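The values are calculated or read from the model by the stated rules, or taken from the named source; none is laboratory data. Because the structure is a prediction, the values reported are computed rather than measured. Using ideal geometry, Cβ is built from the backbone for each residue, glycine included, and neighbour counts are taken over all protein chains shown.
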Amino acid sequence: MANAFRASHPEYVVSSESYAFERRPDEMAIVMNASHNQQTSGVVQAFGIRQDQNSGGFSYATGDDRHPVRLEEALRRLDAPESQALSAALRRVGRDGGPMKEEVDAALRKVGRSNEVTAVVELARPLTANEIRDRKHLPVDNGIFSPALGGAPVYWDIHSGTFCKVCGGGGDQITQDFRNWVGSLGPSDGPGLQYFGLILPRLKDVARAGKIYGYIQHAEDPVLLRKLLKQKYVKSMYIVRVADHCADEMPENCSWPGDRQLYG
């Protein structure tokens, strides 16, 4: 459940998940808490998946409420202006258009040296994680393996926590970890996947291809983002958040180190 959620909703993170337990004599349940990827308020939304042994079917609810609910309705209370910006950017990856590089560069140039930027980086064409690392790059710990074109996006990151027993978690293992999870799925997982907008055959195809269309670059130096933007393999960027990089530091120590370079 947690993995299907994080694969289809990259704008959110799973903060906790219970093991399956017997809520009633005839019902098994899993309850999960989610928060927004860019949220700092600590607000979480609980929702659960339940299976009734009499019907064999699934039902979904928020918290202890037994009434079925649509997932997007359960998540709506987490949305804020900055979270909506991330959601919108993620859903523009893989589509025609997008901001011109000159526009993005001008916006990044205006960001002060004491600020950090979170942006969605869109690639000019899909690349494997290793192909990205063969070029000038910044650390990549997540990837959009399939854009949200007519369905949910397919996303993966290295922050599996306890939710993926077959995942290793290292940055170089992002694709293999994703493939390990997809490989662990079978036909019986179909109903649960569909609730999150995922279809098993599509997941199998995406995992086999292993191509990344874009990714989220979290809390980065705007100068480095400008250097990354100049790379030919980068199509564009969507700036979704600008924040104080040194919120916990004294003002005189608040700036990015100078002369930082891309990897590779």
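Exactly one residue among Lys165, Lys227, Lys211, Lys204 is out of contact with any helix residue (DSSP H, G or I) (no Cβ under 8 Å at 6 or more places or on another chain), at pLDDT 90 or above and surrounded by fewer than 17 Cβ atoms within 10 Å (Cβ to Cβ), and that residue is Lys227. When you check Ala106 against the structure, is it of a type in the set (A, V, I, L, M), loosely packed, with under 15 Cβ neighbours inside 10 Å and part of a strand (DSSP E or B), yes or no? So Ala106 does not fit the description; no. Residues that are among the hydrophobic types (A, V, I, L, M, F, W, C), more than 22 Å from Gly190 (Cβ to Cβ) and modelled with pLDDT under 75 within segment 1-43 comprise Phe21, Val43, listed in sequence order. For Gln173, the conditions (1) under 18 Å from the mean Cα position of the chain (by Cα); (2) at pLDDT 90 or above; (3) outside any loop (DSSP other than H, G, I, E, B) all hold with the exception of (2). The set of residues from segment 180-215 being closer than 22 Å to Val120 by Cα and touching a Lys or Arg at 6+ places or on another chain (Cβ under 9 Å) comprises Ala207, Gly210, Lys211, Tyr213, Gly214.
If you go through segment 255-264 and pick out every residue that is modelled with pLDDT under 95, in contact with a strand residue (DSSP E or B) (Cβ under 7 Å, 6 or more places away or on another chain) and assigned to a loop (DSSP other than H, G, I, E, B), you end up with 1. Looking across segment 230-254, the residues that are closer than 27 Å to Ala89 by Cα, surrounded by 12 or more Cβ atoms within 10 Å (Cβ to Cβ) and either modelled with pLDDT under 90 or of a type in the set (A, V, I, L, M) (or both) come down to Val234, Met237, Ile239, Val240, Val242, Ala243, Asp244, His245, Cys246. Just the residues that are part of a loop (DSSP other than H, G, I, E, B) and out of contact with any strand residue (DSSP E or B) (no Cβ under 6 Å at 6 or more places or on another chain), please, taken from segment 85-100. Hits for segment 85-100 are Arg91, Arg92, Arg95, Asp96, Gly97, Met100. Of the helices (runs of 4 or more DSSP H) contained entirely in segment 183-238, those carrying at least 1 residues that are under 20 Å from Arg133 (Cβ atoms), touching a residue at least 60 places away in the same chain (Cβ under 8 Å) and of a type outside the set (D, E, K, R) fall at 200-209, 222-229.
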